[in-house]
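The values are calculated or read from the model by the stated rules, or taken from the named source; none is laboratory data. As the structure is a prediction and not an experimental result, all values here were calculated from the model. Cβ: placed from backbone, ideal geometry, glycine included. Neighbour counts: every protein chain shown. Protein only, heavy atoms only, side chains kept; ligands, DNA and RNA dropped before computing areas. Shrake-Rupley method; radii C 1.70, N 1.55, O 1.52, S 1.80 Å.
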Amino acid sequence: MSLFVKIAAHLMEQIKAGQYGVGSELPPEGKLQKDYDVSRTTIRKAIDLLVNKNLVVRKKGVGLFVAPTLSTQTILKMTGIIKPHIYGNHKKVIKESYLRQAGNYYSQLLKIKPTELMYYISFLEVSEKNVVKEIFLLPLSYFPDFQVSIIKVLSPLEITNSGKRKVDKLEQDLQLTAANAELAKQLQCKINDPLFKISNHYFDINSEPIAIEYKFACNTKYVVDFT
């Protein structure tokens with residue numbers, strides 16, 4: 001057995017054993033080279049093998065990540081009502097990420113206590129022709145091992161499915177609203193310009209809420225599909 005195959009097999013065992021969870025970041029190639037005391041070429045061959053097996057995602061300029069268990073095709077099938085016309089690789093820019101208490105409003109939506117902590121993450125998804133503002137609300141108790149870095153490599157549904165509870169249902173709502181000063185600046189539009197607001201509420205098999213996601217866009221390639 002080749003050395004790079006042995007290294008790939010060892011990393012595969014660590015992934016399957018949960019040492020590296022779904023969406024978590026692997027050590028960079030330089031660190032792996034030192035850990036295994038081999039050449040950079042050997043490490044790259046090992047990583048290439050894992051990438052080809054769809055176990056690892058290599059994001060240029062970002063790092064190595066454990067691949068999600070859900071595919072883009074699965075995501076599009078689960079959304080049902082509103083489907084992206086094109087699902088591309090966009091640059092994601094984290095704006096805010098912190099823990100806060102759920103409060104009365106979100107505690108009712110997420111069915112947790114008002115004093116319980118949840119992650120509040122906001123980021124911009126930037127493409128050549130469009131900017132989308134996204135906000136994620138994740139209860140800490142459901143996502144104790146959450147890492148902000150996975151935002152850059154996983155889709156919202158894949159992120160939600162990486163916690164203690166698995167996604168079974170998705171409720172989606174589309175509203176037309178107006179841009180305030182902050183959103184106008186971030187989305188590169190004018191104050192009071194019309195905005196699309198998409199709300200995604202994720203539920204487990206028992207119809208218990210897992211997470212909430214909001215999207216804001218001045219223009220969108222989403223279409224309404226009632227079939």
In what order, largest first, do Phe4, Phe136 sit by accessible area if the probe radius is 1.4 Å?
Phe4, Phe136
Accessible area per residue of the chain at 1.4 Å probe, in Å²?
57
For the stretch 1-71, give the magnitude of the charge dipole about the Cα centre (Cβ charges: +1 Lys/Arg, -1 Asp/Glu; no others), in debye to the nearest 20.
200
Provide Met12, Met118, Met1 ordered by accessible surface of protein heavy atoms (probe 1.4 Å), highest first.
Met1, Met12, Met118
May I ask you to evaluate 6.51 cos²θ - 1.76 cosθ + 1.60, the Karplus curve with θ = phi - 60°, for each residue of the stretch 142-151 and list the ³J(HN,Hα) values in order in whole Hz, giving x for glycine and proline?
8, 10, x, 9, 4, 10, 4, 4, 5, 4
Along the positive direction of the dipole of the chain (beta-carbon charges: Lys, Arg +1; Asp, Glu -1; about the Cα centre), which of Val57, Ala17, Tyr106 reaches farthest?
Val57
State to the nearest 20 debye the size of the charge dipole of the stretch 155-205 about its Cα centre, where the only charges are +1 on K and R beta carbons and -1 on D and E beta carbons.
120
On alpha-carbon atoms, Rg over Rh for the stretch 106-227 using Kirkwood Rh?
0.98
Quickly rank 125-133, 40-48 as a protection proxy: mean count of other C-beta atoms within 10 Å, highest first.
40-48, 125-133
Just Glu96, Glu134, Glu213 to compare: in a GNM of the chain, with alpha carbon springs under 10 Å, which one fluctuates most?
Glu96
